[in-house]
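A short write-up of the structure that comes next.
The values are calculated or read from the model by the stated rules, or taken from the named source; none is laboratory data. None of the values given here were measured: they were computed from a predicted structure. Cβ placement follows ideal geometry from the backbone for every residue including glycine, while neighbour counts extend to all protein chains displayed. Just the protein is used for accessible areas: all its heavy atoms, side chains included, with ligands, DNA and RNA removed. Shrake-Rupley method; radii C 1.70, N 1.55, O 1.52, S 1.80 Å.
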Amino acid sequence: MSLTKWAHDLAESVLAESLPRRWAHVQGVARRARELRPILSEPDADLLEAAAFLHDIGYAPELVDTGFHPLDGARFLRQQKGADERVVNLVAHHSCALLEAEERGLRQDLETEFRLERPELVDALVYCDMTTTPDGTPTDSKARVGEIVDRYGPDTLVGRFIQRAAPEIHAATARVRAQLEEAHA
C-alpha cells in the first residue's frame, strides 16, 4: 500500500464520521498538496500529500490527550505501523505549531519529541493548510487567518497564536506561490 493511500485510509477512519467537516478540510488540503507536485521531488510530493491527509488527525476525539492536535496526532502516528517519521514530523510541526505549543506550555515537548523537516516541506504544508477553508475549498492565507480569528475569537489561545503566526503563514504561502509561478512560467 502506498504511503498516501495509507494516510488517506487512516485519516478517513478517525475523522470521516466523528468530524465530517474536518475530514472535508483535510481532503481539500490533500488536493492542494497534489497541486504542488510540479515543485517537489516524487518522494517529497508523496510525503506532503500523506501529511496533508494526516495533519489534523489529532482532533479525532479518541486521540485527544493534551488538547493540542499537532502533538496528539503526531504521538498517535508515531505508534502506527507504516508511519513515515518525516510525515509524523510534518504533522507535529504543521502550520507554525511551535508558536501554538508555546502558548499552551508544550513547546519543549514538541521540540524534543519531533524534529522540524526541511523548510520547503514545512512551507508547502503551511500553504496547503492555510489556503484551504474548513469545508475543503480553496482560499487565500489572509482570508483563512481571518476565518480562524473570527471562529475562535482574537483573545483566545488559538486567536492569539494565529495572529502571531500570520506573518510567517503569509510569507510561507508567498514563497510557495512564487515557486509555482516559476514552475509554470
For segment 28-56 the number of residues that are under 18 Å from M130 (Cβ atoms) and touching a helix residue (DSSP H, G or I) at 6+ places or on another chain (Cβ under 8 Å) is 17
Within the group A74, A101, A83, A45, which residue is modelled with pLDDT under 95 and crowded, with 16+ Cβ neighbours inside 10 Å?
A83
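Would you confirm, using the coordinates I've provided, whether D109 is open to solvent by less than 40 Å² (accessible area, probe 1.4 Å) and either over 23 Å from L15 (Cα atoms) or of a type in the set (K, R) (or both)? Talk me through it step by step, then tell me what you get.
Working: open to solvent by less than 40 Å² (accessible area, probe 1.4 Å): no; either over 23 Å from L15 (Cα atoms) or of a type in the set (K, R) (or both): yes.
Here the answer is no, as D109 does not meet what is asked.
Residue check: is A183 in a helix (DSSP H, G or I) and modelled with pLDDT under 95?
So A183 passes the test.
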Counted residues in segment 152-177 being open to solvent by 50 Å² or more (accessible area, probe 1.4 Å), outside any loop (DSSP other than H, G, I, E, B) and free of Cβ contacts under 8 Å to residues at least 12 places away in the same chain come to 3
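Identify, from the list T132, T139, the residue that is touching a helix residue (DSSP H, G or I) at 6+ places or on another chain (Cβ under 9 Å), buried (at least 18 other Cβ atoms within 10 Å of the Cβ), polar (S, T, N, Q) and closer than 18 Å to V29 by Cβ.
Going through T132, T139 in turn, the sole match is T132.
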